[in-house]
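Asker: Here you go, one structure.
The values are calculated or read from the model by the stated rules, or taken from the named source; none is laboratory data. Just so it is clear, the structure is predicted and the values come from calculations on it, not from any experiment. Every residue, glycine as well, gets a Cβ built from its backbone with ideal geometry; the counts of neighbours run over all protein chains shown. Each accessible area value is taken on the protein alone, full model and side chains, heavy atoms only, with ligands, DNA and RNA left out. Shrake-Rupley method; radii C 1.70, N 1.55, O 1.52, S 1.80 Å.
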Amino acid sequence: MGCGNVFFTLIITLSVALITYNILISANASLKQELPGPSTSSIIDPIIQMPVEKSRKYGSNAEKRLFHTAVTASDSVYNTWQCRVMYYWFKKHKNGPNSDMGGFTRILHSGKPDNYMNEIPTFIAQPLPAGMDQGYIVLNRPWAFVQWLQKADIKEEYEIPDFLIFYILMAEPDHIIVKPIPNLSKDGLGAAFPFFYIEPKKYESVLRKYFPEEKGPITNIDPIGNSPVIVGKDSLKKIAPTWMNVSLAMKKDPETDKAFGWVLEMYAYAVSSALHGVGNILYKDFMIQPPWDTEIGNKFIIHYTYGCDYDLKGRLTYGKIGEWRFDKRSFDTEAPPRNLPLPPPGVPESVVSLTSTLL
C-alpha cells in the first residue's frame, strides 16, 4: 500500500473514531476542501467538509426548477445493466411535459473507468479502503456522494432574487422512470418516498446514540432512505459527510448493525437529514414497488427491488419460486435477455410494465 492510501485510510479511520454523539452535526461549520485531521488544539467535528462554490447563471434555466439525477453504482455486471436501463428511461422522459429533469450522473465507486463511460455520463469515485465496508458495499454510497459533491461541475442551477436554488435527485440503478418527474421539493424541504420499514419511533433507543434528545423528538427523523430523494444541493453538501460518518459508526456498533441490517445506511441518511434540520415532504406517489404495489397510477418510478413470482394463472406465489418469475438477482452475472418472457394473464399492471421496460 502506497503512502497516499495509508494516509487516506488513516484520515477516514480518524473521522470515524472521533464521532461523538453530541458533535455529529455542526450546521454552521465553514466549508473547506481538506479532509479533517487531528487538531492540535481541540477535538473537531469529524465531518468531511465541502467546498464553497460560486453562484452561476444558465440563461433560460433561470426560470426552471431543474434537478440533477445522481445514481451510485459499482462496476459489477449486476449494477451495470440496471444503470443502462435506468439511463435509457431517464432520457425517454427527460423532456416530457411537466419535467424538471436536468442532467444525469452515474457515480461509479469502483475507482476506475469501465466500458460504459461514453454511454452514461459518469463520475469516478474512489471506494472506501479495503475492509472498511465490512462486506456491506452500500457504505460506499455516501462516500461516493461526498466525493462527487466536492469535485463535480453540475449545471442545473437557476437564480431567483438574492439566492441560488439547486436540486439533486438521488436515485438507484434499479429505478425505472415511467413518466416525467417534476421538482417535488419546495420551501426548503426535500421530497422523499416514505418506507414502511423505516420506523424511527420503534428504534428510538438505538437512534438516540446518533440523534441525541437535545436535537428534538425522534419524530424529527423522517421514515425515508436516501433514495428517491430530491434535495437542495446546499443541504446535501451538509448532509452527505454526516451520512457517511453515521453509516460507518452504525456499522461498527453491533446493536445498531443487528437492528437495521441491510437498511442501515437508509437510517443513517434519515438521521443525518434530521441532524441538519432538513425536513422532507413525504410522497407516497413518488414510486411503486412491485409486486406489492399493483398499479402505476400517478407514480413516477418503478423500484424493482423485490422478486416477482406468479403461477400461470397470474396468482402471486411470493416466498415460493413461481412458474413465471422476475427477480433482478437472477441476473447478477449477465444482463436479462432481450426476449424476457412476458408475465401470464392476470398479473398486475405494475409487473407487466416492469417487464416491458426491460425488453
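Asker: Any residue in the range 250-264 that's free of Cβ contacts under 8 Å to residues at least 24 places away in the same chain: show its pairings with residues that are open to solvent by less than 10 Å² (accessible area, probe 1.4 Å) at Cβ separation under 7 Å, as long as the two are six or more apart or on different chains.
Answerer: Listed pairs, sorted by first residue: D257/M250; D257/L264.
Asker: Looking at the range 216-234, I want the residues that are farther than 23 Å from V138 by Cβ and have a partner that is in a strand (DSSP E or B) with Cβ atoms under 8 Å, at least 6 apart or on another chain. Which pairs are those?
Answerer: Qualifying pairs under 8 Å: G232/I165; G232/Y167; G232/I168; G232/G190.
Asker: Condition check: within 21 Å of W148 (Cα to Cα), among the basic types (K, R) and crowded, with 21+ Cβ neighbours inside 10 Å. Does K233 satisfy that?
Answerer: Against the criterion (within 21 Å of W148 (Cα to Cα), among the basic types (K, R) and crowded, with 21+ Cβ neighbours inside 10 Å), K233 does not qualify.
Asker: Any residue in the range 318-331 that is in a loop (DSSP other than H, G, I, E, B), open to solvent by 40 Å² or more (accessible area, probe 1.4 Å) and closer than 16 Å to P228 by Cα?
Answerer: Looking through the range 318-331, none of the residues is in a loop (DSSP other than H, G, I, E, B), open to solvent by 40 Å² or more (accessible area, probe 1.4 Å) and closer than 16 Å to P228 by Cα.
Asker: Got a number for residues in the range 117-151 being open to solvent by 60 Å² or more (accessible area, probe 1.4 Å) and either within 18 Å of the chain's Cα centre (by Cα) or among the basic types (K, R) (or both)?
Answerer: Here the count works out to 3.
Asker: Still on this structure: What's the number of the condition I177 fails, among (1) of a type in the set (V, I, T); (2) open to solvent by less than 20 Å² (accessible area, probe 1.4 Å); (3) under 24 Å from I239 (Cα atoms)?
Answerer: Status for I177: all satisfied but (3).
Asker: To continue, here is another question. Please go through (1) in a helix (DSSP H, G or I); (2) hydrophobic (A, V, I, L, M, F, W, C); (3) closer than 20 Å to I281 by Cα for I230 and return the number of the only condition it doesn't satisfy.
Answerer: Condition not satisfied by I230: (1).
Asker: Residue check, L340 against (1) assigned by the TED database to the domain that holds G135; (2) over 20 Å from F196 (Cα atoms), all met but one. Which one?
Answerer: Going through (1) assigned by the TED database to the domain that holds G135; (2) over 20 Å from F196 (Cα atoms) one by one, L340 breaks only (1).
Asker: Identify the single condition in (1) over 29 Å from K209 (Cα atoms); (2) in the same structural domain as V138 (by the TED database) that M250 does not satisfy, given that it satisfies every other one.
Answerer: (1)
Asker: Between residues in the range 66-79 that are touching a residue at least 60 places away in the same chain (Cβ under 8 Å) and residues that are part of a strand (DSSP E or B) and open to solvent by 10 Å² or more (accessible area, probe 1.4 Å), which pairs lie under 6 Å by C-beta distance while being six or more apart or on different chains?
Answerer: The qualifying pairs are F67/Y167; H68/G103; T69/F104; A70/T105.
Asker: What number of residues in the range 271-302 are of a type outside the set (A, V, I, L, M, F, W, C) and farther than 19 Å from F326 by Cα?
Answerer: Residues flagged as of a type outside the set (A, V, I, L, M, F, W, C) and farther than 19 Å from F326 by Cα within the range 271-302 amount to 12.
Asker: Let me ask you something else. Please state which of the following conditions G188 fails to meet, knowing it meets all the rest: (1) at pLDDT below 95; (2) among the small types (G, A, S); (3) open to solvent by less than 30 Å² (accessible area, probe 1.4 Å).
Answerer: Condition not satisfied by G188: (3).
Matching residues to (1) assigned to a helix (DSSP H, G or I); (2) touching a Pro at 6+ places or on another chain (Cβ under 8 Å); (3) modelled with pLDDT under 95:
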| position | (1), (2), (3) |
| --- | --- |
| K202 | no, no, no |
| Y210 | no, no, no |
| T219 | yes, yes, no |
| K238 | yes, no, no |
| M244 | yes, yes, no |
| S247 | yes, yes, no |
| T256 | yes, no, no |
| F260 | yes, no, no |
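Asker: Count, please, the residues in the range 275-293 that happen to be open to solvent by 20 Å² or more (accessible area, probe 1.4 Å) and in a helix (DSSP H, G or I).
Answerer: Number satisfying all stated conditions: 2.
Asker: Additional query: Scanning for something assigned by the TED database to the domain that holds V246, out of contact with any Ser or Thr (no Cβ under 7 Å at 6 or more places or on another chain) and more than 26 Å from N79 (Cβ to Cβ), does the range 268-275 turn up at least one residue?
Answerer: Taking every residue of the range 268-275 in turn, at least one turns out to be assigned by the TED database to the domain that holds V246, out of contact with any Ser or Thr (no Cβ under 7 Å at 6 or more places or on another chain) and more than 26 Å from N79 (Cβ to Cβ).
Asker: Residues to consider are K252, K238; find the one that is open to solvent by 50 Å² or more (accessible area, probe 1.4 Å) and under 16 Å from the mean Cα position of the chain (by Cα).
Answerer: K238
Asker: For the range 81-116, how many residues are among the β-branched types (V, I, T) and either open to solvent by less than 10 Å² (accessible area, probe 1.4 Å) or within 15 Å of the chain's Cα centre (by Cα) (or both)?
Answerer: The qualifying residues number 2.
Asker: Quick test of your reading of the structure: Y310 fulfils all but one of (1) open to solvent by 70 Å² or more (accessible area, probe 1.4 Å); (2) in contact (Cβ under 8 Å) with a residue 40 or more places away in the chain; (3) touching a Ser or Thr at 6+ places or on another chain (Cβ under 8 Å). Name the failing condition by number.
Answerer: (1)
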